[in-house]
């Protein structure tokens, strides 16, 4: 058996054993721990094959696993590689062709959005279903946000290291090759934050002013709060989340980013009794980065597409409405409420916006879908309301 046949066999074992939980990268780590004889090259190729398989979503699921692994490699790769050279030399010669040409050569015809992404009829307005579905065939870029006016230092280090990058016009959003060891290259963590380009764009809705009181109510690791503080360090900030362990992780990230002078609290925003625990406090701005399906980020975790069930969409939407109903009353007159998801589903996005308007005196001002798939980024949704 050749090395390449062995890779296909190992990848097939992973796929047959994997049931969607834990996250695929954790499952692969455990698999490789059980096979210590595999070197770094072996692990890299097997992981790549498995991810290529899941990037095909629901398309061609009736094919033999090994056949689908090869097809995924052909469609997802753009430069010749040793595996295809050995097992599919005619595909290797054409690996740089367009998706349409490769589909024709492989005998699979056109790739329709619904074949790869079976939830296409659930998408938010403004999403090109075909472009979004085909984006699964490419891993999104690795993005950082340059902070504290350190562009010259950051770019100088990357240039010296020979790293290819793309700097956006805003001079702070930087796309890097996947696998870039940014923590090894940049010695000072306060110079940057790892943050997807679309997540960075949600900050365009914040517009905070010095002395204002803001609440990041589902703060998670605190990425939006750091973005807010970078825009206006003088805001008074409260962060909350449902578990103490989440806030402990936030504390570490804030410390590395140099964010100080904030309050925090553990809060279950789904509890009907929660509003009564807040007293008479009110905020100039509230950020609700809501728990969601995460479907706009599945380009990074394509295994989710194979295991997600349609009925989960409405469960997330109900959760989002419950949280929103519990927090909107704390927006001051004239204040802002920012609703954010990393979902592509209408029920979690526009339908929740309609719910908020129908059940409060908040009015939608701006925002909507952020179509990151055209930039090798996540797709998100962000809307600003005012009272």
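Write out, first by first residue and then by second, each pair whose Cβ atoms fall under 8 Å of each other, whose residues are 6+ apart or on separate chains, and whose first residue, in the range 1-20, is farther than 13 Å from residue 44 by Cα while the second is assigned to a loop (DSSP other than H, G, I, E, B).
9/1
Residues in the range 153-187 that are out of contact with any strand residue (DSSP E or B) (no Cβ under 9 Å at 6 or more places or on another chain), touching a residue at least 12 places away in the same chain (Cβ under 8 Å) and surrounded by fewer than 13 Cβ atoms within 10 Å (Cβ to Cβ): how many?
Total satisfying the criteria: 1.
What number of residues within the range 333-354 are assigned to a strand (DSSP E or B), free of Cβ contacts under 8 Å to residues at least 60 places away in the same chain and touching a strand residue (DSSP E or B) at 6+ places or on another chain (Cβ under 8 Å)?
5
Are there helices (runs of 4 or more DSSP H) fully within the range 170-288 with at least 1 residues that are in the same structural domain as residue 339 (by TED's automatic domain parsing) and under 30 Å from residue 48 (Cα atoms)? List them.
Those helices (runs of 4 or more DSSP H) span 197-201, 223-231, 244-257.
Kindly indicate the residue of the range 122-139 that is more than 20 Å from residue 100 (Cα to Cα) and out of contact with any helix residue (DSSP H, G or I) (no Cβ under 7 Å at 6 or more places or on another chain) and also surrounded by the fewest Cβ atoms within 10 Å (Cβ to Cβ) among those meeting that condition.
126
With the range 75-115 as the region, which helices (runs of 4 or more DSSP H) entirely inside it contain at least 3 residues that are within 22 Å of residue 58 (Cα to Cα)?
Hits in the range 75-115: 99-105.
Filter the range 355-387 down to residues that are farther than 15 Å from residue 286 by Cβ, touching a strand residue (DSSP E or B) at 6+ places or on another chain (Cβ under 9 Å) and part of a helix (DSSP H, G or I), then give me how many there are.
3
Just to be sure I understand, how many residues within the range 188-205 are farther than 21 Å from residue 247 by Cβ, out of contact with any strand residue (DSSP E or B) (no Cβ under 6 Å at 6 or more places or on another chain) and buried (at least 17 other Cβ atoms within 10 Å of the Cβ)?
Adding up the residues that qualify gives 2.
When the range 6-24 is examined, which residues are found to be loosely packed, with under 12 Cβ neighbours inside 10 Å and in a helix (DSSP H, G or I)?
Result: 16, 17.
For the range 40-64, how many residues are free of Cβ contacts under 8 Å to residues at least 60 places away in the same chain, part of a helix (DSSP H, G or I) and surrounded by 16 or more Cβ atoms within 10 Å (Cβ to Cβ)?
Counting residues in the range 40-64 that are free of Cβ contacts under 8 Å to residues at least 60 places away in the same chain, part of a helix (DSSP H, G or I) and surrounded by 16 or more Cβ atoms within 10 Å (Cβ to Cβ) gives 10.
The values are calculated or read from the model by the stated rules, or taken from the named source; none is laboratory data. On a predicted model such as this, the values are computed, not experimentally measured, just so you know. Note: ideal-geometry Cβ built from the backbone for every residue, glycine included; neighbour counts use all protein chains shown.
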